[in-house]
1. Of 79, 52, 69, which residue is at pLDDT below 95, over 19 Å from residue 23 (Cα atoms) and surrounded by fewer than 21 Cβ atoms within 10 Å (Cβ to Cβ)?
2. Quickly run through the stretch 20-45 and pick out the residues that are over 20 Å from residue 62 (Cβ atoms), in contact (Cβ under 8 Å) with a residue 24 or more places away in the chain and either in a helix (DSSP H, G or I) or basic (Lys, Arg) (or both).
3. Within the stretch 125-171, take every residue that is in contact with a strand residue (DSSP E or B) (Cβ under 7 Å, 6 or more places away or on another chain) and of a type in the set (S, T, N, Q) and give me the one that is modelled with the lowest pLDDT.
4. Taking only the stretch 27-49 into account, find how many residues are within 16 Å of the chain's Cα centre (by Cα) and surrounded by 15 or more Cβ atoms within 10 Å (Cβ to Cβ).
5. Among the numbered criteria (1) touching a Leu at 6+ places or on another chain (Cβ under 8 Å); (2) at pLDDT below 95; (3) surrounded by fewer than 17 Cβ atoms within 10 Å (Cβ to Cβ), which single criterion is violated by residue 95?
6. Does residue 158 satisfy the condition of being surrounded by fewer than 13 Cβ atoms within 10 Å (Cβ to Cβ), on the phi < 0 side of the Ramachandran plot and among the charged types (D, E, K, R)?
Amino acid sequence: MPPPPLLPPPMSTSPAAQQAVAWLHTARFLTTAPRLEHLPDLEVPEIAFVGRSNAGKSTCINTLTQQKRLAFASKTPGRTQAINLFSLGKQGITDAVLADLPGYGYAAVPKADKIRWQQVMANYLVTRENLTGVVMLVDPRHGLTELDDILLEVIRPRVEQGLKFLVLLTKADKLNRSEQNKALSIARLQAGGGEVKLFSAPKRQGVEEASLLLWQWTHPEPEPEPDPS
């Protein structure tokens with residue numbers, strides 16, 4: 001079944017958001033790595049997308065980049081076992097990279113495969129030197145699960161050292177306003193200092209906010225020069 005067509009980006013509310021949305025549209029496939037040692041050494045900022053299988057990770061990436069099939073959702077959730085990298089940057093010049101990590105927690109995946117990939121993901125999140133930020137996709141109808149909490153513990157030391165962290169509550173259109181507010185409050189308590197935002201691909205809710213945040217993570221404002229006087 002073909003993926004539903006993505007809605008065109010709405011008129012941005014600010015030049016900065018418009019710039020961020022246009023930048024994400026430059027995303028293009030870079031490489032796939034079945035093991036950590038196959039990842040290229042990169043010096044540009046890298047943002048990893050993580051989440052349980054069926055949390056809407058592929059849909060989120062495709063929505064943010066305004067591309068229908070940049071990130072593929074496996075027909076069998078949890079079976080995609082490789083890290084896929086996508087380059088970002090205008091005129092073919094890479095100034096940042098998105099990393100799509102395998103979904104975790106799907107029941108049908110053999111236990112040995114689950115353990116192996118948990119170790120691979122943990123090693124990536126702990127050792128990847130150019131990792132600048134992590135976006136965790138969570139279905140707010142289920143909330144952060146035990147596996148999400150384990151991943152949070154893995155990255156907590158790096159977050160304390162400055163790693164950026166965002167929880168996107170996907171499929172927010174499935175909740176009414178009261179349920180959305182409750183899900184936000186609970187996730188903020190669990191996110192350990194990370195930012196939490198609602199996200200809906202069909203409604204394009206949160207798209208500009210998330211886009212602008214990713215732009216700011218990878219293009220930080222330069223520190224002001226000290227006043228010589």
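1. Result of the check over 79, 52, 69: 79.
2. 35, 36, listed by residue number.
3. This residue is 145.
4. In the first step, residues of the stretch 27-49 are kept if they are within 16 Å of the chain's Cα centre (by Cα); the result is 27-29, 45-49.
Now restrict to residues that are surrounded by 15 or more Cβ atoms within 10 Å (Cβ to Cβ): 27, 45-49.
So the count comes out to 6.
5. Every listed condition holds for residue 95 apart from (2).
6. For residue 158, the condition - surrounded by fewer than 13 Cβ atoms within 10 Å (Cβ to Cβ), on the phi < 0 side of the Ramachandran plot and among the charged types (D, E, K, R) - is not met.
The values are calculated or read from the model by the stated rules, or taken from the named source; none is laboratory data. Because the structure is predicted, anything quoted here is derived from the model rather than measured. Neighbour counts are summed over all protein chains in view; Cβ atoms, including those assigned to glycine, are modelled from backbone coordinates with ideal geometry.
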